[in-house]
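Have a look at the structure below, then the notes.
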Amino acid sequence: MQPLAADALVAAWERGRDCPPLDRALVLYAMAVPDAAADALADRPLGERNRALLRLRQALFGDVLAACIDCPQCNERLEFGLSASTLLARQAPGVRTIEVDGIRFRLPTTRDLARIAQAVDSQAASRQLFGSIVEYGTLPDEARLAPLVERVAGALDEADPCIDLSLAVGCPACSHHWSVSLDVVGYLWDEIDVRARTLLDDVHVLARAYGWDEARILGLSDARRCAYLERVAG
């Protein structure tokens, strides 16, 4: 993937800054696959989207994702690094559907998540989500739904491990082990937000110093922009 130009990054930040998270995910997805039809991205599988965002993150900020989390058992702050390459190595078999208990499901998409965004609780969200991805068969009643949901979730994870980027975490202080999910959309957006605001600060400084317009300043390479900023500061 080619590095994203500064003006394109700022333009994407402007489009996504006031969007809800799922719309923001599609803004990022469009950045990652600029040749794709934007209106079709919402219907692509989540694992495909997450892999594209990880590759975009590599191109923009490198392979290592710095992370920190508090242990839920002892509140110890854990700091560690994740490798985008390692996450991308989670191979998907390439299937588009799974079958559990005679019911066929397709892989979920961003549009499916949007449909359950207003669900009143997790149980209602599960029923709506799994109902929306059924291709053949009928969901059971409430009494039998929970165990089915668990089996379907496991089958989806086997079909594409990038649907849910779960990580096994262990606390060295108390030996507690648990699982967390990486919110690749939120993580990447936070980094883009910081980068875009820094670029706008650069525009402000250089425009005042040299009278250049935004397009000219953002068109500079990072090295040249930093060199001019050093001269203004000096």
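Residues in region 213-234 that are assigned to a helix (DSSP H, G or I) and not hydrophobic (A, V, I, L, M, F, W, C): 8 in all. Here region 91-113 is the region considered, the condition is being buried (at least 16 other Cβ atoms within 10 Å of the Cβ) and under 20 Å from the mean Cα position of the chain (by Cα), and the residue that is modelled with the lowest pLDDT is Ala92.
Taking each residue of region 180-206 that is surrounded by 15 or more Cβ atoms within 10 Å (Cβ to Cβ) and looking for partners that are assigned to a helix (DSSP H, G or I) and hydroxyl-bearing (Ser, Thr, Tyr) with beta-carbon atoms closer than 8 Å, six or more apart or interchain, yields Leu206/Tyr228. State whether one or more residues within region 59-72 are touching a Phe, Trp or Tyr at 6+ places or on another chain (Cβ under 9 Å), touching a residue at least 24 places away in the same chain (Cβ under 8 Å), part of a helix (DSSP H, G or I) and not aromatic (Phe, Trp, Tyr). No.
All of (1) free of Cβ contacts under 8 Å to residues at least 60 places away in the same chain; (2) not assigned by TED's automatic domain parsing to the domain that holds Ala153 hold for Arg44 with one exception: (1). In summary, Glu230 fulfils each of the numbered conditions (1) in the same structural domain as Arg24 (by TED's automatic domain parsing); (2) more than 22 Å from the chain's Cα centre (by Cα); (3) among the acidic types (Asp, Glu) with the single exception of condition (1).
Report, by residue number, each residue of region 21-75 that is polar (S, T, N, Q) and surrounded by fewer than 21 Cβ atoms within 10 Å (Cβ to Cβ). Break it down into steps so the answer makes sense when it comes.
Filtering region 21-75 for residues polar (S, T, N, Q) gives 50, 58, 73, 75.
Of everything in region 21-75, those that are polar (S, T, N, Q) and surrounded by fewer than 21 Cβ atoms within 10 Å (Cβ to Cβ) turn out to be Gln58, Gln73, Asn75.
The values are calculated or read from the model by the stated rules, or taken from the named source; none is laboratory data. Keep in mind the model is a prediction, meaning the values are calculated, not measured. All Cβ positions, glycine included, derive from the backbone under ideal geometry; neighbour counts span all protein chains shown.
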